[in-house]
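The values are calculated or read from the model by the stated rules, or taken from the named source; none is laboratory data. Because the structure is predicted, anything quoted here is derived from the model rather than measured. Glycine also receives a Cβ, built like all others from the backbone with ideal geometry; neighbour counts cover every protein chain displayed. All accessible areas refer to the heavy atoms of the entire protein, side chains included, with ligands and DNA or RNA removed. Shrake-Rupley method; radii C 1.70, N 1.55, O 1.52, S 1.80 Å.
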Amino acid sequence: MHSFWQELKKPFFVMAPMADVTDAAFRALVAARGAPDVFWTEFVSADGLYHTREIQKMPDDENPLMRDLIKGEGQRPIIAQIFSSKPEMIAYAVKLVAELGFDGVDLNMGCPDRSIEKQGCGSAMIKTPEVARAVIRAAKAASSLPVSVKTRVGYNKESLDEWLPVLLEEAPAVITLHLRTRKEMSLVPANWEFMKKAVEIRNRLNPGVLLIGNGDVTSVEQGTRLVEESGCEGAMIGRGMFGNPWVFAGRKSDDTPLAEKLAALIELAHSFEKMTPPKNFSILKKHIKAFATGFDGAAHLRARLMEAESADALEAIIAQHNAGE
Ligand SMILES: Cc1cc2nc3c(=O)[nH]c(=O)nc-3n(C[C@H](O)[C@H](O)[C@H](O)COP(=O)(O)O)c2cc1C
């Protein structure tokens with residue numbers, strides 16, 4: 001089916017879905033500094049959405065899962081990532097995502113977290129191909145949104161010859177491959193050689209499905225080379241956005257002066273506080289670590305910023321730092 005995916009220039013660069021990172025506040029920061037070709041939300045439990053909205057009757061503006069589905073200004077096209085091993089829950093969440101006006105829906109089949117795998121979700125799907133097929137079918141049938149899948153190259157070992165055909169037969173619009181196995185977590189370098197093999201299988205079985213490579217991309221320049229060498233269509237950047245919301249505009253992490261980085265952190269903290277229902281301020285610590293790094297006195301400033309419990313407090317500490325106090 002035709003969708004915005006077919007219109008993207010190649011190679012394209014997309015934001016990785018990241019829990020407690022790619023929320024509406026962080027996406028706004030990235031959008032203002034150089035937007036990716038496609039935005040992604042954090043992952044959201046489809047079962048959780050059903051339970052909180054239909055059983056608990058929680059109002060949407062008090063529901064933390066609905067906060068994860070805020071679209072935000074200037075953040076388009078945007079894909080909502082959901083997970084469930086139950087086709088009926090996937091169908092429920094896809095319909096909701098469509099009503100909310102998202103541009104696509106992504107199914108998480110790569111998360112290695114034990115609590116997710118216990119629900120038969122995330123990477124566990126690699127071991128249950130029939131469940132994977134059923135949830136893709138349910139997602140496709142529930143709305144006209146393009147459906148994509150994000151997964152890994154295998155569970156204990158690379159198994160693209162078995163796993164990728166399962167997905168290709170269900171014909172999602174896009175497959176993102178995190179180029180590591182479940183067992184490897186994120187402990188070894190991503191292996192972009194696997195993408196060459198994936199492209200060969202895709203070209204043979206279902207050339208209409210777009211492939212996005214993911215793992216260790218830190219700049220557009222490097223990502224372009226990896227995409228061109230492997231033959232896929234796009235690259236997804238995750239941790240490369242930490243401390244570098246300019247990454248999609250072509251900047252490398254060291255290219256930005258410290259004052260500009262700290263100003264970005266202040267902006268992020270203020271918009272983070274405005275999200276409803278609020279998130280715990282301590283979630284910003286990853287960003288504090290990433291922005292306040294690589295200069296004389298960084299450790300001291302970081303330690304002070306870690307104590308901040310509000311955007312105003314964080315801004316005051318940075319003002320004192322800038323004044324040489
Ligand atoms: C803090 C954190 C949260 C993540 N949350 C998600 C998530 O919600 N959904 C998902 O598919 N992957 C998630 N991932 C995996 C990333 O999307 C990506 O696949 C991984 O970080 C490898 O890409 P990178 O090397 O560019 O970071 C997360 C990773 C990190 C570090």
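Within the stretch 246-318, list the GluC sites (Glu not before Pro) lying in a DSSP loop whose Cβ has at most 10 other Cβ atoms in a 10 Å radius. Don't skip to the answer; put the middle values down first.
Values: sites: Glu260, Glu267, Glu273, Glu307, Glu309, Glu315; in loops: Glu307, Glu309.
Sparse-neighbourhood loop GluC sites (Glu not before Pro): Glu307, Glu309.
With all protein chains kept in place, the per residue accessible area of the chain amounts to 42 square angstrom at a probe of 1.4 angstrom. Looking only at the stretch 1-41, which residues have a backbone nitrogen under 15 Å from a spot 7 Å from the Cα of Ser144 in the C-beta direction? Hits in the stretch 1-41 for Ser144 at 15 Å: 1-5. Given +1 at the Cβ of Lys and Arg, -1 at the Cβ of Asp and Glu and no other charges, the dipole of the stretch 8-250 around its Cα centre is 300 debye to the nearest 20. Shown in residue order for the stretch 271-287 are the 3J(HN,Hα) couplings computed by the Karplus curve 6.51 cos²θ - 1.76 cosθ + 1.60 at θ = phi - 60°: 6, 4, 5, 7, 5, 10, x, x, 9, 5, 4, 5, 4, 6, 4, 4, 6 Hz (x for Gly and Pro).
Report the charge-dipole magnitude of the stretch 257-322 in Debye, nearest 20, computed about the Cα centre from +1 at each Lys and Arg Cβ and -1 at each Asp and Glu Cβ. Let's see the in-between values first.
Details: 8 positive and 8 negative charges, 60 e Å.
With only Lys, Arg, Asp and Glu charged at Cβ, the dipole is about 280 debye.
Computed extension gain for Arg114 through Glu221, at 0.36 nm per residue and net of the alpha carbon distance, reaches 35.1 nm. Note on Lys183: aspartates and glutamates with a C-alpha under 19 Å away, same-chain residues under 8 apart excluded, are Asp113, Glu117, Glu158, Asp161, Glu162, Glu193, Asp216. Sequence-distant contacts, meaning Cα pairs under 8 Å at least 6 residues apart, place the relative contact order of the chain at 16 percent. Build a GNM of the chain with springs between Cα atoms under 10 Å: which of Gly294, Gly231, Gly243 gets the top mean-square fluctuation? Comparing Gly294, Gly231, Gly243 in a Gaussian network model of the chain, the most mobile one is Gly294.
What a 1.4 Å probe finds exposed on the chain is 52% carbon and sulfur by accessible area, rounded to a whole percent. Think of each Lys and Arg Cβ as +1 and each Asp and Glu Cβ as -1; about the Cα centre, that makes the dipole of the stretch 1-95 roughly 340 debye.
I'd like the GluC sites (Glu not before Pro) in the stretch 18-95 restricted to DSSP loop residues with at most 16 other Cβ atoms within 10 Å, sorted by number.
On the way: sites: Glu42, Glu54, Glu62, Glu73, Glu88; in loops: Glu73.
Hits after loop and neighbour filter: Glu73.
GNM on the chain, alpha-carbon springs under 10 angstrom: the most fluctuating residue among Arg137, Arg33, Arg114 is Arg114. From Cα pairs below 8 angstrom and at least 6 apart in sequence, can you work out the relative contact order of the stretch 178-325, rounded to a whole percent? Across the stretch 178-325, relative contact order equals 16 percent. The 3J(HN,Hα) values that the Karplus relation (6.51, -1.76, 1.60; θ = phi - 60°) gives for the stretch 128-142 are, in residue order, 10, x, 5, 5, 4, 4, 5, 6, 5, 4, 4, 5, 5, 6, 7 Hz. Gly and Pro appear as x.
Among Val97, Thr128, Met109, pick out the residue whose Cα is farthest towards the positive end of the charge dipole of the stretch 91-133, where Lys and Arg carry +1 and Asp and Glu carry -1 on C-beta, about the Cα centre. Checking the options against the dipole of the stretch 91-133, the answer is Thr128. For the stretch 205-299: lysine pairs with Cα atoms under 21 Å, gap of 8 or more or different chains, count? Lysine pairs satisfying the spacing and distance rule in the stretch 205-299 number 10. Counting every C-alpha pair in the chain, the share spaced more than 27 angstrom apart comes to 44%. Rounded to whole numbers, the Karplus 3J(HN,Hα) couplings from phi for the stretch 112-121 are x, 4, 4, 5, 7, 5, 4, 8, x, 10 Hz, using 6.51 cos²θ - 1.76 cosθ + 1.60 with θ = phi - 60°, and x at Gly and Pro.
Springs between Cα atoms under 10 Å define the GNM used for the chain, and in it the highest mean-square fluctuation of Pro277, Pro257, Pro129 occurs at Pro257.
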